[in-house]
Amino acid sequence: AASHDLRAPLRGIANLAQWIEDDLGGEVPSTTRQQLELLRGRVQRMEKMIDDILTYSRAGRGNDPPSLTSVGDLVRETLELVPTPPAARIEIGASMPELFTHRVQLQQIFMNLISNAFKHSRRDDPHVTISADDQGEFIRFEVGDNGPGVPAQYQERIFGMFQTLLSRDQVEGTGIGLATVKKLVERHGGRVGVESAEGAGARFFFLWPKQQHS
């Protein structure tokens, strides 16, 4: 209900911007045209934020019964859904396990982390590594990148709602993806974190149980 009520005025703002531009016809000054484009961009950003808040609120509550899942296949399927830069290099570790797990929720985590790695690499040639390590009751999954890294003072904060390292004018995003990852992982008794040195890339990891029964 809140989502519907928030979208209605946003659509009105976008329509008004378009009507203003149409009424002015070919007489729209370039600065005014840029401002109208900026306004429409802000509307799209708000709509994306509403979508991400809905995703966060629904995280872990869907009808996603556990099933036997090849995590290697799951990661490859996820990569087909994520916009990938042409010069990107992706490495998937050879030790990806098979798990009896909530497939959709695990894919949502990988999608957020992989998208995050590409988005924040700030390079034409991002290098993303995806690996798994058996740690007893849990598998430690890791998504690493060769981006600028995450300064130590932000490594916990970035998992909070609406937290981004750069302003949204520099990197497109709502600051909800990592909060969704944290919520999903912790609902299954795991832990999420990042290991990074500024200027030396980042390795986002999460602990995921081997067996899930409900």
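The values are calculated or read from the model by the stated rules, or taken from the named source; none is laboratory data. If you're wondering where the values come from, they're calculated on a predicted model, not measured in any experiment. Positions of Cβ are generated from backbone atoms using ideal geometry, with glycine treated the same way; all protein chains shown enter the neighbour counts. Note: areas computed on protein heavy atoms with side chains; ligands, DNA, RNA excluded. Shrake-Rupley method; radii C 1.70, N 1.55, O 1.52, S 1.80 Å.
Once all protein chains are placed together, residue 67 keeps about 40 Å² accessible to a 1.4 angstrom probe. Using a probe radius of 1.4 angstrom, the carbon and sulfur fraction of the accessible surface of segment 5-149 is 52%.
When shorter helices are ignored and each DSSP H run of at least 4 residues is given -39500 (n - 2.57), the per-residue value for the chain at 222 nm works out to -14500 deg cm²/dmol. Residues 19, 208, sorted by accessible area with the largest first, give 19, 208 [1.4 Å probe; ligands and nucleic acids excluded].
Distances between placed amide hydrogens fall under 5 Å for residue 201 paired with 147, 149, all partners being 5 or more residues away or on another chain. Springs between Cα atoms under 10 Å define the GNM used for the chain, and in it the highest mean-square fluctuation of 15, 116, 146 occurs at 15. Result for the chain in a Gaussian network model with C-alpha springs under 10 Å: among 111, 96, 46, the largest mean-square fluctuation is at 46. The local environment of residue 137, defined by Cβ-Cβ distances under 14 Å, has a net charge of +1 under the rule Lys, Arg +1 and Asp, Glu -1.
Viscosity 1.306 mPa s, temperature 10 °C: give me the Stokes-Einstein translational D for segment 96-159 in µm²/s, with Rh taken as the Kirkwood radius over C-alpha pairs.
Translational diffusion coefficient: 118 µm²/s.
Within the assembled protein chains, the solvent-accessible surface assigned to residue 84 is about 60 Å², based on a 1.4 Å probe.
Plainly put, the chain has a radius of gyration that is 1.04 times its Kirkwood radius, both from alpha-carbon atoms, as the Rg/Rh ratio. Fully extending the segment from residue 31 to residue 19 would add 2.6 nm, taking 0.36 nm per residue of separation and subtracting the current Cα-Cα distance. Across segment 84-97, computed HN-Hα scalar couplings (Karplus, 6.51 cos²θ - 1.76 cosθ + 1.60, θ = phi - 60°) run 10, x, x, 8, 5, 10, 10, 10, 10, x, 6, 9, 5, x Hz from first to last residue, x flagging Gly and Pro. 5 Å is the cut-off here: which amide hydrogens, built 1.01 Å from N in the peptide plane, fall below it relative to residue 127, excluding neighbours closer than 5 in sequence? It is 89, 146, by chain and number.
Computed extension gain for residue 70 through residue 39, at 0.36 nm per residue and net of the alpha carbon distance, reaches 6.7 nm. For segment 65-80, backbone phi angles converted through the Karplus equation (6.51, -1.76, 1.60; θ = phi - 60°) give residue-by-residue couplings of x, x, 8, 5, 10, 7, 5, x, 5, 4, 5, 5, 5, 5, 4, 6 Hz, Gly and Pro being listed as x. Note that segment 179-193 has calculated 3J(HN,Hα) couplings of 5, 5, 4, 4, 4, 5, 4, 5, 4, 9, x, x, 9, 10, x Hz, one per residue in order, obtained from phi through the Karplus relation 6.51 cos²θ - 1.76 cosθ + 1.60 (θ = phi - 60°); glycine and proline are x. Taking 50, 109, 13 in turn, the Gaussian network model of the chain (Cα-Cα springs below 10 Å) assigns the largest fluctuation to 13.
For residue 69, the amide hydrogen comes within under 5 Å of the amide hydrogens of 99, 100, 101, counting only partners 5 or more places away or on other chains and with H modelled in the peptide plane.
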